[in-house]
Amino acid sequence: MKILALELHRVAVPLVRPFETSFGRQIERQVLIVRVRTDIGDGWGECVAGTDPVYSSEYVDGCEAVIRHYLGPVLLAAGDVVAEGVAALFAFVIGHRMAKAVIETAVLDAQLRAVDTSFAGYFGAARTEVDCGVSVGIAPTIPALLEEVSLYVAQGYRRIKLKIRPGWDLEPIAAVRELLGPDALLQVDANTAYTLLDLDHLRRLDDYDLLLIEQPFVEDDIRSHVFLAGAISTPVCLDESIVNTEIALDAIDRGATSIINIKAGRMGGYLEALALHDACVEQGVSVWCGGMLETGLGRAANVALAALPGFTLPGDTSASDRYFAEDLTEPFVLRDGRLAVPTGPGSGVKVREELLGAWAQRPVEVLRAV
Ligand code: NPQ
Ligand code: MG
């Protein structure tokens, strides 16, 4: 296909409740939505970068700048483009995977829509619906946390993930384990908030029969994760550290992680996420699909990815109403703790353009071929 134009839409989507993690508190989701206009039709993508560089080095204004100055011009000058060639086209830019991912996804969406193929079909999905978990932010008090968890249990979520940090860990975990009972799937996510000085404290997580602890230490510190994994029985799972397949395989070989959180946006796109999925299946490592407070657009692609055979644990693929009163696409609704995998062409969802307008933080920026 020939890329005719790239539209950068910046929107702020209100959250139904604040979402607090060890790195900060969100009250709205500021998100970059990209539309590619091509000679075979349009495609859409959602960038996972946050407002500030506090989960990853990337952030939404930075992604826009990289797209505006580097990725966009190269794509628009490229002549005949296929989604499978986008990563090679962008390889001259170091890092900036979230910026690359949104473009590759939009190109893939256009490509698949033109041949009436869904993301799920293209990815090789094995299921028509996926088991869903929910990520629960740090709450003001333990009673408030239990109330929120009870709501998600009543809604049917199949796994609870608690955000933790020093000062908000063993007590809330104990209270939620007590509420859920011994058989419920429960895991925790530290978003890099600990160091090895906390080792004796972290050992106490073993009392709560957790599925895993996600990313206790900073992303570059694979070595401390190896040490922790050897010292506790709770499985260690990396998130922030896993920016490509090579780093994931290295972390697996070294024993730093026995389960992997796959987020396509963090790895440069769904094609790299597929490669990691395949490598993990070959290694016998379980994977699950992470989430970045995506609107329905990003959620649709994640749900398709989570339908692959290696995704054996429930993902952070929550229903739209976990985050948003109104979603940017048709809403994803939980049914018996599961979401249906979209079957329409490309992402299978339709962006509600009137909401892009209503939620716009600034006018649409259009990049065109010169
Ligand atoms: C995680 N997600 O697994 C992330 C953290 C996260 C669902 O827990 C803006 C940008 C908001 C990045 C919120 C979940 C975000 C974000 C949460 C990342 O670690
Ligand atoms: Mg995480």
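The values are calculated or read from the model by the stated rules, or taken from the named source; none is laboratory data. Source: prediction; values computed, not measured. Cβ placement follows ideal geometry from the backbone for every residue including glycine, while neighbour counts extend to all protein chains displayed. With ligands, DNA and RNA removed, areas are computed over all heavy atoms of the protein, side chains included. Shrake-Rupley method; radii C 1.70, N 1.55, O 1.52, S 1.80 Å.
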Item to check | Residue count for segment 14-42, restricted to those that are under 30 Å from residue 216 (Cβ atoms) and either among the polar types (S, T, N, Q) or part of a strand (DSSP E or B) (or both) | outcome: 17
Checklist entry - Is it the case that segment 252-262 has a residue that's assigned to a helix (DSSP H, G or I) and modelled with pLDDT of 95 or more? => result yes
Item to check | Which listed residue is away from ligand 2 (no atom under 16 Å from the Cβ), open to solvent by 10 Å² or more (accessible area, probe 1.4 Å), over 28 Å from residue 179 (Cα atoms) and free of Cβ contacts under 8 Å to residues at least 12 places away in the same chain, from 272, 246 | outcome: 246
Checklist entry - Just a yes or no: is a residue in segment 153-163 in a loop (DSSP other than H, G, I, E, B) and within 16 Å of ligand 1 (Cβ to nearest atom)? => result yes
Checklist outcome for this item: Counting only residues that are more than 16 Å from ligand 2 (Cβ to nearest atom), surrounded by 21 or more Cβ atoms within 10 Å (Cβ to Cβ) and of a type outside the set (A, V, I, L, M, F, W, C), segment 39-54 contains a total of 3
Next on the checklist: Show the residue pairs meeting these rules: Cβ distance below 6 Å; 6+ apart or different chains; first residue within segment 40-69 and farther than 22 Å from residue 328 by Cβ and in contact (Cβ under 8 Å) with a residue 24 or more places away in the chain; second residue within 16 Å of ligand 1 (Cβ to nearest atom) and open to solvent by less than 30 Å² (accessible area, probe 1.4 Å).
Outcome noted: 54/24; 66/99
Checklist entry - In segment 326-370, what count of residues is obtained for those that are part of a strand (DSSP E or B) and open to solvent by less than 90 Å² (accessible area, probe 1.4 Å)? => result 8
Checklist entry - Within the bounds of segment 313-326, is there any residue that is of a type outside the set (Asp, Glu) and farther than 22 Å from residue 153 by Cα? => result no
Next on the checklist: Pull out all pairs, ordered by first then second residue, where Cβ-Cβ is under 6 Å, the residues are six or more apart or on different chains, the first lies in segment 151-176 and is surrounded by fewer than 21 Cβ atoms within 10 Å (Cβ to Cβ), and the second is among the polar types (S, T, N, Q).
Outcome noted: 165/22
Checklist entry - Within segment 275-324, how many residues turn out to be surrounded by fewer than 24 Cβ atoms within 10 Å (Cβ to Cβ), touching a residue at least 40 places away in the same chain (Cβ under 8 Å), within 16 Å of ligand 2 (Cβ to nearest atom) and more than 12 Å from the chain's Cα centre (by Cα)? => result 2
